[in-house]
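The values are calculated or read from the model by the stated rules, or taken from the named source; none is laboratory data. Because the structure is a prediction, the values reported are computed rather than measured. Here the Cβ positions follow ideal geometry from the backbone for every residue, glycine too, while neighbour counts run over all protein chains shown.
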Protein chains: 2
Amino acid sequence: MTPDEFRHYGHLIVDWVADYRERCAALPVMSRVAPGEVRAALPASPPSAPEGFDAILGDLDRVIVPGLSHWQHPRFFGYFPSNGELSSVLGDYLSTGLGVLGLSWQSSPALTEVEELVTDWVRQMVGLSDAWSGVISDTASSSTLVALICARERASGFSLAGRGLQGRDAALVVYVSSQSHSSVEKAALLAGFGRAHVRPIPVDSAWAMDAAALARAVGEDAAAGRRPCAVVATSGTTTTTAFDPLEPIAGVAAEHGLWLHVDAAMAGSAMILPECRDLWRGIERADSLVFNPHKWLGAAFDCSLYYVRDAEHLVRVMSTNPSYLQSSVDDRVRNLRDWGIPLGRRFRALKLWCLIREQGVEALQGRLRRDLDNARWLEAEVRREPHWRILAPVALQTLCLRHEPPGREGEALDRHTLGWATRVNASGEAYVTPAVLGDRWMVRISIGALGTEREHVAALWDLLRREAARD
Amino acid sequence: MTPDEFRHYGHLIVDWVADYRERCAALPVMSRVAPGEVRAALPASPPSAPEGFDAILGDLDRVIVPGLSHWQHPRFFGYFPSNGELSSVLGDYLSTGLGVLGLSWQSSPALTEVEELVTDWVRQMVGLSDAWSGVISDTASSSTLVALICARERASGFSLAGRGLQGRDAALVVYVSSQSHSSVEKAALLAGFGRAHVRPIPVDSAWAMDAAALARAVGEDAAAGRRPCAVVATSGTTTTTAFDPLEPIAGVAAEHGLWLHVDAAMAGSAMILPECRDLWRGIERADSLVFNPHKWLGAAFDCSLYYVRDAEHLVRVMSTNPSYLQSSVDDRVRNLRDWGIPLGRRFRALKLWCLIREQGVEALQGRLRRDLDNARWLEAEVRREPHWRILAPVALQTLCLRHEPPGREGEALDRHTLGWATRVNASGEAYVTPAVLGDRWMVRISIGALGTEREHVAALWDLLRREAARD
């Protein structure tokens, strides 16, 4: 494609995206296609000859859009907000258009230095001390894997340089909460610890990790000759946005030499609000931290931030230095290939840089406060409605709720809950996420899409009551 | 940013990118900034109030562009081609603009199904049988890590469900070539094998793995009570584009139950040319394969493909299934979160889909054949020039060469090589990569940027001779 064709179709696509964002609110939030329907509507083999780009645009409307669930929809209350603020989208457009790679500092210096800069901007925005250094990765899953590998290597005296995990006498143990994200156990298993050495610590009535139970579990392992290695605490769990108590957890970690990794993937965004920072008091005592600006904050996916206090340790675990990547300035620059798993690196900093500059910190704070207000409003509405129950503290913008009409208990209640949640999603009017809390199904309402105003939350509340009353 | 502002600035950015691609050829290929220069030119703290997007565009020209090395430049001969074909760039623009996530099939069905479709298109394009299933990941580094973890779990009878690598009697061993990419050893170390259990197998005179040496090493480990686990073969090594002989390697793997992973990150693109497929004869006997369309083929970074023959094994190793990601159709669809490390997934298939459709397979083949012709032309030129030497077979589009004037040997020759290579890069006229081959520095010329025509290769050759003659 020539630059002139790119100009022509690029303008069409910008307009198409602008239109999509505008008309999104009128589309059914959740896709209604059946499994296999999208694939069956497209040719099974690639074309030998060029197709015009107009054909692609045609398929976009005919096949792709009906196959999407619309995360940028103002009545998207599923999973978590994955906000692609349009200023950030433009930053990503620059990155893709430039097509430069950061294999090393030298391979495109600005790519590395703007990444250093914006991760430091965000550090300041969430009130972390300058002892932290950050890097952009794809997802919290990857960063938590990196954190547990770094913990493994610290506890094992750099076993990777020798016999790895395969020559150890004392098994390394990882502590998680029963409410940790699925990626945490996955990371521990991928890092080779084994499920037998992953201890799920019970939670208190607010679904936060019980630090006393952690201390007991750590003590028991140590007494049995195992080696407590790492604890993953969550600031804002996926199901209920519970905050594990970092101060006492950090105390246990310090006493036993555990690596403390904090998963603040969703709730990290809230820390740009000074009034929320008490929720992660003790964060300065952690060793590593992951936080995803591609969620609530508005950076286009993927933009996950991984912060560490001991960057030298990270680099020692992750470094590779083949001759074709060496340069004469290597002792004076960061080579971000040594800060994570992938070698190749696109210019992801641009989307965060554009977001923060175009919005400004105060506007970002204002939007998050709007969402917190909306969550408090809905919480109050639900609490005053008979037979509806809020099941967990509403720490931020996620509500866990259930309709509990008289006579519905146990599995009958589960059937009722899944029934109305399914009808809500099938209506196309809103998208919510059913999940299990304790041993019963409930519904998560995650507020905070860019376009979600009070009217959309009110419409959701009407819809929930209407669909719950049908059964 | 409102859709209307997005329309306005989006058009500006499309035009800016089109201009950048047009004027790129006139820019110095390698950035001339000093370490810290870019960061120092930008504010150290984020703005409280919004800045206009015009200010961002100003900094782009003032600070960012001078800080880039231009991978899309027609005289970029460094590392490997990282082609962001403009049709693929537009596919990525759609993805970012849509802002949908594929946490599960249900969370945006088209995202998953188009990914299934295009990975199958590429499978057909490179002549693989339909026994292979593919998934898009970020980089070969990540896929090779996944492959070695899958190998670890197959050889250990799913140790992750028990004591992990920590309870094994017989150490698992991984075999690589001395010419394997740095990411291969890194993956083995991250997966917990330990460097003591990573065997670098020597190469033959063409820098390809010596399969007989592999057989001996595997036999010795087995005899010593260790458990040979996996071998990573490379189709197109980074330094010289050597092809490890897959047939005999697969024979060793079959005999000893090794997992065979093939790293075809760069050279996989060449397999859309039937005349090249003899280079990876035996590929059907591999267990897994990684190949990066974001290199030579032209998909905008990041777009790495990971293919496996036993998808069920992959899913069993990688699966997580928390309640908030379950849906009623899970037994009838692919949930790609279980095909790799990250949970979150953007609509990366669009950039491959747009590339293949807008170009058509024949035009992609034509461009790659152009680059192979250019490499053969340069090889012939170098071979007929006194004191210049081609150091490795030119299997595809990468040349390894050295200027060896009389009287320059050993370290003096290294100084000469690094001297002229540095002057070439500093000239801004071309970008080449010095690397160590054997124990001496040489220069890699990787041909295949989108805009690289014969005239650019000829200009490079003039430049090489001019700079080498200066010293």
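Data table
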quantity: Selected residue (criterion: nearest to B:T96 (Cα to Cα)) from residues of the range B:1-35 that are part of a loop (DSSP other than H, G, I, E, B) and more than 7 Å from every other protein chain (Cβ to nearest Cβ); calculated: B:T2
quantity: Residue tally, condition within 21 Å of the chain's Cα centre (by Cα) and either farther than 20 Å from B:L246 by Cα or part of a helix (DSSP H, G or I) (or both), over the range B:191-222; calculated: 1
quantity: Residue in the range A:409-425 that is within 12 Å of another protein chain (Cβ to nearest Cβ), within 22 Å of the chain's Cα centre (by Cα) and modelled with pLDDT of 95 or more present; calculated: no
quantity: Sole residue being modelled with pLDDT of 95 or more, buried (at least 24 other Cβ atoms within 10 Å of the Cβ) and among the basic types (K, R), chosen from A:R281, A:R345, A:R285; calculated: A:R345
quantity: The lone exception for A:L117 - which of (1) facing chain B (nearest Cβ under 7 Å); (2) more than 24 Å from the chain's Cα centre (by Cα) it fails; calculated: (2)
quantity: Whichever residue in the range A:316-331 is more than 7 Å from every other protein chain (Cβ to nearest Cβ) and in a loop (DSSP other than H, G, I, E, B) and, among such residues, is surrounded by the fewest Cβ atoms within 10 Å (Cβ to Cβ); calculated: A:D331
quantity: Condition check for B:D59: assigned to a helix (DSSP H, G or I), under 27 Å from A:A449 (Cα atoms), more than 7 Å from every other protein chain (Cβ to nearest Cβ) and not hydrophobic (A, V, I, L, M, F, W, C); calculated: no
quantity: B:S141 being under 26 Å from B:E220 (Cα atoms), facing chain A (nearest Cβ under 10 Å) and either touching a Leu at 6+ places or on another chain (Cβ under 8 Å) or of a type in the set (V, I, T) (or both); calculated: no
quantity: Subset of the range A:238-288 that is out of contact with any strand residue (DSSP E or B) (no Cβ under 7 Å at 6 or more places or on another chain) and among the acidic types (D, E) - its residue that is farthest from the other protein chains (Cβ to nearest Cβ); calculated: A:E247
quantity: Odd one out for A:W339, checked against (1) at pLDDT 95 or above; (2) touching an Asp or Glu at 6+ places or on another chain (Cβ under 9 Å); calculated: (2)
quantity: Residues of the range B:293-303 that turn out to be in contact with a helix residue (DSSP H, G or I) (Cβ under 6 Å, 6 or more places away or on another chain) and either facing chain A (nearest Cβ under 8 Å) or at positive phi (or both), as a count; calculated: 2
quantity: Top-ranked residue in the range A:64-93 [being assigned to a helix (DSSP H, G or I) and at the interface with chain B (Cβ under 7 Å from one of its Cβ atoms); ranked as surrounded by the fewest Cβ atoms within 10 Å (Cβ to Cβ)]; calculated: A:G67
quantity: Hits in the range A:168-198 - residues which are within 7 Å of chain B (Cβ to nearest Cβ) and of a type outside the set (A, V, I, L, M, F, W, C); calculated: A:R168, A:S182, A:S183, A:K186, A:G192, A:G194, A:R195, A:H197
quantity: The range B:412-429 residues that are closer than 18 Å to B:M30 by Cα and in contact (Cβ under 8 Å) with a residue 24 or more places away in the chain, paired with ones that are among the acidic types (D, E) and not in a helix (DSSP H, G or I) (beta carbon under 6 Å, 6 or more apart); calculated: B:G419/B:D471
